[in-house]
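Structure record follows, encoded as structure tokens.
The values are calculated or read from the model by the stated rules, or taken from the named source; none is laboratory data. Everything quoted here is computed from the prediction, not taken from an experiment. Cβ: placed from backbone, ideal geometry, glycine included. Neighbour counts: every protein chain shown. We work out accessible area using only protein heavy atoms, side chains counted, and drop any ligands, DNA or RNA first. Shrake-Rupley method; radii C 1.70, N 1.55, O 1.52, S 1.80 Å.
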Amino acid sequence: MSIASHNSTQFSSGKAGSKLLKQKAAEFLQCTRSTTALLELIAFQKECLARNAPLTPCLLTMEYLFTELLRRNDMRPTATAAERPAGVPLENASPSLANHKQWLLAQYRETFGLIVAGLNHDKQAEACQALTTAMKLLIAEAHNAPEATSSGELQFPVGRLKQILITMLSAERLNTHLFNRFQEYSYYLDVIYFCWKLMPSLVPRDSVPNDVFMQNLLFLIGAVSFGKDALKEANNVLCVPLNGAFDYLLVRRQINKTWSFVINWPHGEAAHQQLLLVLLEKVLPHLDKPVLLTDFLMDSLDVGGAISMLALQGIFVLIQQHNLTYPNIYEKLYSMFEPEIFHTKFKARLFYLADIFLSSSHLPEGLVAAFVKRLARLALIAPPQDVVIIMRFIGNLIMRHPALKRLIFHPTGGEASSDPFVTEERDPMKSKALESSLWEVAALQNHVLPSVAVAARFISNPFPSVEWDLSSVLEINENDIFDKEIARKTKQYALSIDRPAGMFGQCGGELSSQYWKLF
């Protein structure tokens with residue numbers, strides 16, 4: 001009997017429909033020879049997919065049904081003569097039983113494919129539930145394999161995992177929500193190992209993928225990347241223990257092989273930014289020859305915006321750990337301090353890197369003075385929370401280079417109308433910063449927000465013995481400043497005990513109010 005012939009519309013939505021689905025599943029589990037109930041459930045699952053209807057009740061039902069079938073080994077084929085336990089005659093094996101198990105196994109494969117297809121559901125909650133159901137069936141299948149294995153040992157269902165990964169690596173939609181959910185499973189060593197074992201086979205070789213596929217692939221690489229500390233937990237597995245120790249050398253080869261494809265593709269802005277994030281935070285420690293990234297990072301440094309900030313961090317790692325020489329690095333860093341930085345999510349990262357680059361006390365005073373003046377000028381237009389960061393940063397730079405205290409009260413530094421500092425100059429050494437003064441900081445001492453005014457008064461007070469900790473202010477936002485001001489205790493003022501009769505009752509009466517008549 002064909003599946004399409006069954007009436008699947010009997011399952012309504014809501015609690016009543018969920019209850020009926022569970023009843024059908026229980027009915028089938030009581031007698032698996034009665035195939036009608038299972039066929040109706042599969043038909044209903046197909047119908048939900050076709051209509052883009054809610055899938056969760058159906059997914060939970062199928063998860064329960066097939067987990068139970070796997071636990072009972074109802075789908076495992078009858079043992080052959082070579083695999084049959086001793087003492088069990090061959091004639092006792094029933095052909096009809098073997099055929100029925102093959103049929104159940106075929107239904108399981110079809111159902112699993114339908115569950116994986118649910119990852120493409122328009123509603124993110126339904127798609128995430130489909131991923132959860134698929135992974136739970138993966139775990140159940142690992143412990144109770146539906147197909148007999150020659151060794152008899154537990155084996156990871158690599159084929160099922162590949163189905164899931166291929167579907168998540170869509171070229172049509174970004175699956176950020178799926179990869180966020182997948183991170184709950186990619187924490188385990190066996191999932192990490194087999195994902196990387198499959199990774200090169202998931203990368204197209206003959207064509208360049210679009211940006212959507214590229215971003216999904218980068219999400220996956222980020223999700224299954226790991227630090228060296230993760231390898232110490234040998235028993236941290238989701239499905240099956242690994243044979244021996246985690247084969248890091250194999251995984252490292254796979255990482256390098258995959259990355260060699262990814263980095264050579266043309267990238268759009270979003271994919272380029274995401275690639276740099278994954279590279280810096282996940283992949284870089286595993287690369288065999290990180291110095292080969294030099295050209296890519298230098299080209300990225302010229303793009304501008306957030307991409308340049310991320311490339312700067314990569315170049316810093318190569319300078320620090322691999323002795324890379326980049327002669328114009330301070331000019332590049334100087335050019336990144338533009339008003340746009342206050343509206344990017346990588347602002348804190350730029351200040352952190354700039355603090356490291358300018359940490360040496362042997363830098364030329366003219367170079368550091370240029371950064372001080374550029375930051376002071378930006379502070380005039382920066383959001384309040386960023387002004388506090390800038391004030392602390394400038395203070396630290398002056399403490400590292402005490403000779404820069406001349407900028408605080410420079411005798412010929414001028415004021416706003418006659419500042420010798422050349423803002424448009426791209427070379428910091430030619431900006432005439434040492435001839436200027438910090439009138440911008442003095443002006444900010446009159447800021448309307450007390451927290452900003454107090455931060456700017458550092459030039460009028462004795463400097464502390466140690467530098468300010470930038471990490472304490474890098475993540476401050478406007479809500480933090482607002483809450484702090486609201487919580488601040490204010491002085492109590494005496495109020496008038498006579499209730500005024502009008503808006504101008506106490507300042508001239510009728511004579512005044514006639515000039516302020518409201519229409």
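Quick notes on this structure:
- When the Cα gyration tensor is reduced to axis lengths a ≥ b ≥ c, the ratio a/c is 1.5 or higher for the stretch 13-61, and with a/b not above b/c it is classed as oblate.
- Rolling a 1.4 Å probe across the protein heavy atoms gives the chain an accessible surface of 52 Å² per residue.
- The stretch 18-24 - phi-based ³J(HN,Hα) in whole Hz, Karplus 6.51/-1.76/1.60, Gly and Pro as x: 5, 5, 5, 4, 5, 5, 5
- The angle between the Cα long axis of helix 189-202 and the longest principal axis of the Cα atoms of the chain comes to about 90 degrees, rounded to the nearest 10.
- Anisotropy class of the stretch 219-347 from Cα gyration tensor, a/c 1.5 cut: prolate
- Using θ = phi - 60° in the Karplus curve 6.51 cos²θ - 1.76 cosθ + 1.60, the 3J(HN,Hα) couplings for the stretch 226-234 round to 8, x, 5, 5, 5, 6, 6, 8, 5 Hz; x is entered for Gly and Pro.
- Helix 365-379 and the longest principal axis of the Cα set of the chain meet at an angle near 80°.
- Among residues other than PRO54 with Cβ under 10 Å from its Cβ, the summed charge is +1 (Lys and Arg +1, Asp and Glu -1).
- The stretch 348-409 shape via C-alpha gyration tensor axes, a/c threshold 1.5: oblate
- For the chain, alpha-carbon Rg over 2.2 N^0.38 Å: 1.41
- Figure note: HIS362, HIS447 ranked by solvent-accessible area, largest first, 1.4 Å probe, ligands and nucleic acids not counted: HIS362, HIS447.
- Normalised by 2.2 N^0.38 Å, where N counts its residues, the alpha-carbon radius of gyration of the stretch 149-266 equals 1.08.
- Backbone phi angles across the stretch 305-317, fed through the Karplus curve with coefficients 6.51, -1.76 and 1.60 (θ = phi - 60°), yield HN-Hα couplings of x, 5, 5, 5, 4, 5, 5, 4, 5, x, 5, 4, 4 Hz in residue order; Gly and Pro are listed as x.
- Only helices enter the 222 nm calculation for the chain: every DSSP H run of n ≥ 4 contributes -39,500 (n - 2.57), and dividing by all residues gives -16000 deg cm²/dmol, rounded to 500.
- Between 0 and 90°, nearest 10: helix 124-143 axis offset from the chain longest Cα axis: 50 degrees
- In this Cβ point-charge picture (+1 for Lys and Arg, -1 for Asp and Glu), the chain has a dipole of about 900 debye about its Cα centre.
- Surface share of carbon and sulfur [accessible, 1.4 angstrom probe, percent] for the chain: 54 percent
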